[in-house]
Amino acid sequence: MSKMLIINPATEEVLADIEQADAAEVDRAVERARRAYGSWRDVAPGDRARLLRRFADLVDEHREELALLELTNSGHPIGNARWEAGAVRDVLHFFAAAPERNHGKQIPVPGGVDITFQEPLGVVGVIVPWNFPMLIMSWGVAPALAAGNTVIVKPAEWTPLTALRLAELALAAGLPEGVFQVLPGAGEVAGARLVEHPGVAKIVFTGSTEVGKQIAAKAAAQVKRITLELGGKNANIVFADSDLEKAAKTAPYAVFDNSGQDCCARSRILVQAEVYDEFLEQLVPAVRNVKVGDPLDESTEMGPLISAEHLDRVRGFIDGPPYLQGDCPQGKGFWFPPTVLTTAITDRTFTEEIFGPVVSVVPFADEAEAVRIANNTRYGLSGSIWTRDVGRALRVARAVEAGALSVNSHSSVRHWTPFGGFKESGLGRELGPDALAAFTETKNVFISTE
């Protein structure tokens with residue numbers, strides 16, 4: 001096996017040297033998961049729920065440890081990392097209630113009784129991105145385990161540390177060997193083998209649209225089930241009748257959170273023309289107030305980018321002087337300042353997903369033009385609408401082609417509600433009350449009474 005150096009993106013310090021699984025190790029992991037599946041699916045629903053609750057409790061007990069691992073491995077500020085560790089606990093608790101509520105139906109039919117069962121799929125592969133490693137991992141792992149599947153996680157090459165620790169905590173909580181495994185490895189090796197392996201029933205992938213298309217094509221050869229959460233180029237639409245002060249004050253955090261490395265980032269701000277100049281005036285101090293720095297500092301709001309490679313990619317989008325740039329540390333670490341552009345809607349910075357702390361601000365004339373600009377993208381993941389007019393909020397929310405919209409807010413993800421995208425932002429939905437449907441098959445059984 002080869003090894004991968006894991007780097008702290010804020011200091012460039014080497015954190016670990018992690019062995020990378022090859023295709024043969026993936027095959028062995030799938031065999032372990034298949035052997036464990038037979039007994040795991042037969043664990044009584046209440047007992048499976050108790051094991052998941054114990055797992056959640058252990059995550060809670062180790063919340064600070066997990067937060068510090070995420071901070072050093074991913075560069076997340078300590079406040080963000082603590083919230084993420086708490087959210088992993090909450091996702092596990094939410095889906096711990098699911099095994100005992102995985103209900104089928106009784107359907108009235110002539111000549112007998114018809115009932116349905118929600119059956120688990122088998123082995124589920126969860127391929128996790130580097131931007132929110134432990135949080136996004138939990139979105140696939142928790143409902144998959146609750147439904148009675150076994151799970152193999154392939155974390156991103158750069159950020160495996162929290163996944164490996166969570167696998168240890170799962171075993172300590174009493175989950176049987178082989179039920180939840182973590183295999184660090186390269187996407188084109190370990191990830192590709194998970195997708196191609198005939199013993200893997202489903203793939204959950206979060207990442208780029210380009211890789212998502214490759215996974216979908218390979219999965220199609222086996223009619224393998226997939227859930228894809230892919231890219232985004234999301235609009236933050238600010239109407240003239242909105243609370244402009246609040247809209248401007250919150251806009252930086254809608255795109256600069258996690259250094260813009262978020263597929264839900266509102267990286268296109270659309271402002272109604274009559275308040276465009278006023279909005280920009282109020283946006284300037286809001287951007288300058290974003291504190292970029294040491295992730296261990298409690299007051300830090302934005303950390304570094306994940307790697308030198310990604311820093312070069314983000315820099316490559318900036319051509320000419322920006323409208324505004326904030327401050328960031330100099331020296332060691334992969335730092336890029338919060339950046340505001342006022343480019344044309346045809347510019348690549350407005351149309352392509354940068355995945356960094358860069359936002360473009362453009363004017364629009366009226367509601368129809370705002371919707372037209374917002375929808376003029378291959379993506380459709382999230383977005384925000386700022387207005388005091390309830391009718392307008394509903395009209396625009398119905399017209400914008402995106403899966404997770406918020407009005408007078410920038411929230412996209414809650415574990416109680418479904419999350420996913422339109423168009424090339426993905427297939428399927430994660431989280432919420434219906435998430436188990438993505439990890440089960442409906443079996444229909446008719447019993448004759450004649």
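The values are calculated or read from the model by the stated rules, or taken from the named source; none is laboratory data. Bear in mind that the values here come from a model prediction, so they are computed numbers and not experimental data. FYI the Cβ positions are ideal-geometry reconstructions off the backbone, even for glycines, and counts take in every protein chain you see. The protein model used for the area step is the full one, side chains on, heavy atoms only, and it has no ligands, DNA or RNA in it. Shrake-Rupley method; radii C 1.70, N 1.55, O 1.52, S 1.80 Å.
General observations
- Annotation: amide H of residue 384 within the under-5 Å range of 235, 236, 237, 406, sequence separation 5 or more or interchain, hydrogens built in the peptide plane.
- Calculated on alpha-carbon atoms, Rg and Dmax of region 34-150 in Å: 17.4, 64
- Here the extension length gained between residue 116 and residue 347 equals 78.0 nm, from 0.36 nm per residue of separation less the Cα-Cα distance.
- Accessible carbon and sulfur surface of the chain relative to its total accessible area, %, 1.4 Å: 53 percent
- Under 28 Å from the Cα of residue 332 - lysines, other chains or at least 8 residues apart: 3, 291
- Projected-area average for the chain over all orientations - Cα convex hull basis, square nanometres: 23.0 nm²
- Net charge of the neighbourhood of residue 248, taken over other residues with C-beta under 9 Å away and scored Lys/Arg +1, Asp/Glu -1, is -1.
- Cβ charges +1 (Lys, Arg) and -1 (Asp, Glu), total dipole of region 178-288, debye: 820 debye
- The GNM of the chain, with springs linking C-alpha atoms under 10 angstrom apart, assigns the highest mean-square fluctuation among 407, 223, 91 to 223.
- Positive-end ranking of 336, 382, 365 along the dipole of region 320-450, with charges on Cβ about the Cα centre, is headed by 336.
- The chain: most fluctuating residue of 117, 180, 132 per GNM, C-alpha cutoff 10 Å: 117
- With the simple spin-label model, which puts each label point 7 Å out from Cα in the Cβ direction, the residue 315 to residue 369 separation comes to 3.7 nm.
- Over the chain, relative contact order from alpha-carbon pairs under 8 Å, at least 6 apart, %: 18 percent
- The residues of the chain expose, per residue, 41 Å² of accessible area to a 1.4 Å probe.
- Charge tally in the Cβ shell below 11 Å around residue 10, where Lys, Arg are +1 and Asp, Glu are -1, residue 10 excluded: -3
- Highest to lowest packing among 421-429, 380-388, scored as the average C-beta count within 10 Å: 380-388, 421-429
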